[in-house]
Amino acid sequence: MIKISSFEPALFNRNADQGNIRVLTKQLEWRGVSYSLVQPFDKDADFVLIGDAYNAVIREYQQELMELVPSLQRRLDLGLPTLLVGSVYEFYLEILVGLPAASKGSRQSEFREVSNGEISAFGYRNSELIELDLFVRGAFMGTTLYGPVLAKSPDLLDLVLRSLGVENKLPEVVEKRLEGYLFEVKKASNAG
Amino acid sequence: MVLGKTARFLLRRIRRGGGSALPGTIALKIQPKLLTRAIASAPMGLIVVSGSAGKSTTTKVIVELLRANGLEVFTNPSTANIRQGLYAAVLQFGNLRGKIKADIVVLELDEGHGAALISELRPRLAVLTNVLPDQLDRFVDPEYVQQKLERIALASDQVIINADDPNLLTLASKREVTGFGLGRGFEGEHPEYAINFQKPDSIQKTTEVLRTEGISAEIASTKGSYFVKLPSAGTHQALNIAAAICAVEKTCDMSVELVEDTLEKLPPVFARDEKVTIAGREVRLMLVQNPTSFNLNLENIAGDEVPLMLMAGSDIHDPSWLWGVDFSKLKRVDIVGGLNAYDLALVLSYHEVEIGEVIQNPADAADKFLTLSGESPTILFSADAMRRTRRHLGLAK
């Protein structure tokens, strides 16, 4: 059974990033794959999410976030399925070895489609970071993109599912519906 | 004034219900002091209402109570609460010299625009409703909203705060404030405010919501107990009324009975939760502006309304927050509409809600909605979708 865990989901949810958990679990349900949502946070779960958080939460949880560094560093080194979003991604940029160094400019709030050459992602970003919207190593991902990003970025979702060993396909009717909606979502956005 | 009034007249000829932002922008360019001069012509000065939610209701109630007490009140209509909207309101109601006929001015202020404007306005009283995680694409984080409200508070002669909201309670250490909120023994839904780990000392509340039942509430103040009718059910509405009563008690002498009578006759606030007759059918209209109001409105419907239309308009710049809404009580949505309809449809799909049709154009969506049969036609829409739909259906005011 696939274990999924999210760090303090009620607090690390500034831009509804816990929707990524809904997306992943629904995708597994639709594909007939069993899973369990593990709480309290299990740093060794098969998939780990640390969502974007309010400034106050980042300050309050600084120590806990620092205590996660060894396990996150291990996940990054091994490319294990992990998703860091927004302010948390930004927090770890200066800390985890292998993540790019933070470079900041004026805040840009907009829809973006970004790519690292092989994998593209789509979502809304509201960040001062320059050119660091997507980091991928193996299935370890960091992004400025909200959305939730897994709902709008089939490449990232496929990467997670593959790395979790999921081979079952989506029912065709569901796949077509989601693809259709996503196509129109991109068209309606500035990036469309 | 003449140029602005002309622009407003022409725009309204072209588009019914439209014509607020552009004339206001023109007036702002030509006469930047138009607003402050208009306010200065009101002898009792200015009351401002700001915060993440509840601004419209609180403003409307303050205005109606003051009017019932015999005062001439100038206010900004509906959601024209940004700088251009405020200027447009002066154009609409001011004379050709920019003077307004009013004893007092009561303005609903957008948090961001209000903070930028406040040093020019110098209110006699600021009413601050709450800090919620709202419009994050604009404000990024609630603590920036808190900072903006603090600027409003520090620029005002007197301040009324929601003393249950720790984000506002911190103001008590920086200046004298008056508090409203829920009574100690209040049983019922407690609103959730933006997270704040500080534990500011509580203050004595001068106006307290003691209990609510449906659309009735008992609110106690130093003056006595008010048994009032709410614009719609919910603790948040009772808090809005408490804020308004607190503001009115600080402004004039008004009897408890007159407050109660006035609230009894108050119509629902513009489309917050309103029943209108369209093509001979009663349609329920509910405005959703953030996850909190969306979730609250969903709590206030049965979930099996037919036909049901949800609309996410162009005012939602970043639709991410739609994923923070719990749609699980819905089984089917007949029409999903608005510019962000497909984002909403995507979220609904992940909640396994059946969708009848997705129609981005609000007018087309409204037309289709009216062709559907059903006993409980209901529309939940964001502000932009609301304006477009109302205009199309001839409901614009």
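The values are calculated or read from the model by the stated rules, or taken from the named source; none is laboratory data. Model, not experiment: these values are computed from the prediction. Note that we place each Cβ from the backbone using ideal geometry, even for glycine, and neighbour counts take in every protein chain shown. Areas reflect the complete protein model, heavy atoms only, side chains present, ligands, DNA and RNA absent. Shrake-Rupley method; radii C 1.70, N 1.55, O 1.52, S 1.80 Å.
Assorted remarks:
- Residue match in the range B:281-294 (condition: open to solvent by less than 10 Å² (accessible area, probe 1.4 Å), of a type in the set (A, V, I, L, M, F, W, C), within 14 Å of another protein chain (Cβ to nearest Cβ) and closer than 18 Å to B:ALA53 by Cβ): yes
- Selected residue [touching a Lys or Arg at 6+ places or on another chain (Cβ under 7 Å) and more than 9 Å from every other protein chain (Cβ to nearest Cβ)] from A:LEU170, A:LEU134: A:LEU170
- Of the candidates A:LYS43, A:LYS104, the single residue that is more than 20 Å from A:GLY147 (Cα to Cα), at pLDDT below 95 and open to solvent by 10 Å² or more (accessible area, probe 1.4 Å) is A:LYS104.
- Among residues of the range B:226-253 that are in the same structural domain as B:SER56 (by TED's automatic domain parsing), those with a beta-carbon under 7 Å from a residue that is surrounded by fewer than 21 Cβ atoms within 10 Å (Cβ to Cβ) and part of a helix (DSSP H, G or I) at least six positions away or on a different chain give the pairs B:TYR226/B:VAL256; B:TYR226/B:GLU260; B:PHE227/B:GLU260; B:VAL228/B:GLU260; B:LYS229/B:GLU264.
- Residues within the range A:145-177 that are over 16 Å from the mean Cα position of the chain (by Cα) and open to solvent by 30 Å² or more (accessible area, probe 1.4 Å), tallied: 10
- Residue among B:ALA172, B:ALA220 that is surrounded by fewer than 24 Cβ atoms within 10 Å (Cβ to Cβ), touching an Asp or Glu at 6+ places or on another chain (Cβ under 6 Å) and either not in a loop (DSSP other than H, G, I, E, B) or not aromatic (Phe, Trp, Tyr) (or both): B:ALA220
- Residue match in the range B:49-60 (condition: assigned by TED's automatic domain parsing to the domain that holds B:ASP253, under 24 Å from B:GLY179 (Cα atoms), in contact with a Gly (Cβ under 9 Å, 6 or more places away or on another chain) and not in a strand (DSSP E or B)): yes
- Selection within the range B:134-169 - within 14 Å of another protein chain (Cβ to nearest Cβ) and open to solvent by 40 Å² or more (accessible area, probe 1.4 Å): B:GLN135, B:ARG138, B:TYR144, B:GLN147
- Residue pairs meeting the criteria (Cβ under 9 Å; at least 6 apart or on separate chains; first outside the structural domain of B:THR58 (by TED's automatic domain parsing), in the range B:165-189; second part of a helix (DSSP H, G or I)): none
- Those residues of the range B:58-95 which are at pLDDT 90 or above and either within 24 Å of B:GLU192 (Cα to Cα) or of a type in the set (Val, Ile, Thr) (or both), in sequence order: B:THR58, B:THR59, B:LYS60, B:VAL61, B:ILE62, B:VAL63, B:VAL73, B:THR75
- Residues of the range B:346-360 that turn out to be open to solvent by less than 40 Å² (accessible area, probe 1.4 Å), more than 9 Å from chain A (Cβ to nearest Cβ) and farther than 20 Å from A:PRO171 by Cα, as a count: 1
- Test: residue in the range B:193-205 that is at pLDDT 95 or above, under 20 Å from the mean Cα position of the chain (by Cα) and at negative phi: no
- Number of residues in the range A:111-144 that are aliphatic (A, V, I, L, M), open to solvent by 20 Å² or more (accessible area, probe 1.4 Å) and under 19 Å from A:LEU161 (Cβ atoms) equals 3.
- The criterion of at least 3 residues that are out of contact with any strand residue (DSSP E or B) (no Cβ under 8 Å at 6 or more places or on another chain) is met by the following helices (runs of 4 or more DSSP H) wholly inside the range A:9-108: A:19-30, A:55-60, A:62-67, A:69-78.
- Against the list (1) touching a residue at least 12 places away in the same chain (Cβ under 8 Å); (2) more than 9 Å from every other protein chain (Cβ to nearest Cβ), the condition A:ARG74 fails is (1).
- From the options A:ASP46, A:ASP42, A:ASP17, A:ASP52, residue that is among the acidic types (Asp, Glu) and within 9 Å of chain B (Cβ to nearest Cβ): A:ASP17
- Subset of the range B:377-397 [surrounded by 15 or more Cβ atoms within 10 Å (Cβ to Cβ), in contact (Cβ under 8 Å) with a residue 60 or more places away in the chain and either more than 11 Å from B:VAL288 (Cβ to Cβ) or not hydrophobic (A, V, I, L, M, F, W, C) (or both)]: B:PRO377, B:THR378, B:SER382, B:ASP384, B:ARG387, B:ARG388, B:THR389, B:ARG390, B:ARG391, B:LEU393, B:LEU395, B:ALA396
- Hits in the range B:313-333 - residues which are more than 10 Å from chain A (Cβ to nearest Cβ), open to solvent by less than 20 Å² (accessible area, probe 1.4 Å) and touching a residue at least 40 places away in the same chain (Cβ under 8 Å): B:GLY313, B:ILE316
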